[in-house]
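Asks: Please read through the structure below; I'll follow up with questions.
The values are calculated or read from the model by the stated rules, or taken from the named source; none is laboratory data. Bear in mind that the values here come from a model prediction, so they are computed numbers and not experimental data. Backbone-built Cβ (ideal geometry, glycine too); neighbour counts: all protein chains shown.
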Amino acid sequence: MPPQPKLESFISDDSSFYGDEDEISEMEDRAAEFDPIRYWRTSHSTNLAVIAYSQRLAAENRPSTECLDGATIIETEVTQRHPHDGREYCRQATESVASFINRLPPSTTKAADIGPWIFIANREAPRPVVPNIDRLIENGGRLLEDFEEDLAEIQNEPKSKSSAGKAAVTRKINSKRRKLETDLLQTARDNGLATGKWMLFPSAESLDETWAAVADATAKGTLGIEAKVATDPENGASSKPRLICVYTRDFWDKEDVRRVLLKLVDMGVVSKAKGSSARPIYYKCDVYTHLNIMSGNKWGLKPTLCSSTEVLANKL
């Protein structure tokens, strides 16, 4: 057999195999600046491939299902899938709550890196039906347009300058508005969107602590079906209060809405005190979020269903 040529005979010092001088210099600078400890603490733990591998490893280590009947096997497999699986901004099935919070602390997790929200779910809770958002927005938008037309018609009617006449107009408008509120909530339910959320606004100083408490209670199934917290927007608002949403399955279920609020009070993240110094929180239906019904809207609608003050006073 003839002698095999050496690799060095193909790649000389002048070869472009290693890149030109600029490329070599750039790679050397990147190697010098690389911090492996920081990488393992941040980028590695949020890498989707790493998360997926952890889930696959957990699946491989599950007890064998060979002795189970077919229905049990199907049920077991279904319960192991969740909409949050594989999503970098969500807690994964193989993650402890502590690891999840350490991986994505809301005070320092940037929206540019992970998106606007961090999510955690109660994985044991039955999942809400998938809503028809497009039809909801279409039907809800039509209801809002109809109300605008009714409002314009009432306002164009001959006006009485007497107090009684003005009061009659106000009553007519308020009656139309109450019907609109009822119709919007019914449209939401007809289209499979019955979820709503209690909204917390902890200070920047208490954000991580409050989120840790909410996340832990959500994962344990003692709070709502899901929770999310806003990430750092990096627009100068990092020091401002940040939004945490605690979701309930059905805004029609007043007892469950109240139960979640009382749990937040017991956890110490919502005040039960009365008076001007007490800061209430508010419950908003998701239909209002999708229809962009905010504070000060042109329809005169309350953007929230109720406040913690009202619920604690049994006014819901």
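Asks: Could you please let me know if residue 301 is farther than 30 Å from residue 99 by Cα and crowded, with 17+ Cβ neighbours inside 10 Å?
Replies: So residue 301 fits the description; yes.
Asks: Can you find even one residue in region 205-227 that is exposed (fewer than 12 other Cβ atoms within 10 Å of the Cβ), outside the structural domain of residue 116 (by TED's automatic domain parsing) and at pLDDT 95 or above?
Replies: Checking region 205-227: not a single residue is exposed (fewer than 12 other Cβ atoms within 10 Å of the Cβ), outside the structural domain of residue 116 (by TED's automatic domain parsing) and at pLDDT 95 or above.
Asks: While we're on this one: Just to be sure I understand the filter: pairs with C-beta atoms under 9 Å, separated by 6 or more residues or on different chains, first member in region 188-216 and of a type in the set (Asp, Glu), second member in a helix (DSSP H, G or I). Which pairs pass?
Replies: Matching pairs, first to second residue: 190/135; 190/136; 190/139; 208/101; 216/97; 216/98; 216/101.
Asks: Also: Kindly indicate whether any position in region 131-154 is loosely packed, with under 10 Cβ neighbours inside 10 Å and assigned to a loop (DSSP other than H, G, I, E, B).
Replies: The answer is no, given that none of the residues of region 131-154 is loosely packed, with under 10 Cβ neighbours inside 10 Å and assigned to a loop (DSSP other than H, G, I, E, B).
Asks: Please go through region 169-223 and pick out each residue that is small (Gly, Ala, Ser) and in a helix (DSSP H, G or I).
Replies: 175, 188, 212, 213, 215, 217, 219
Asks: Another question, then. Would you be able to tell me the number of residues in region 118-162 that are more than 29 Å from residue 244 (Cβ to Cβ) and among the hydrophobic types (A, V, I, L, M, F, W, C)?
Replies: Qualifying residue count, region 118-162: 5.
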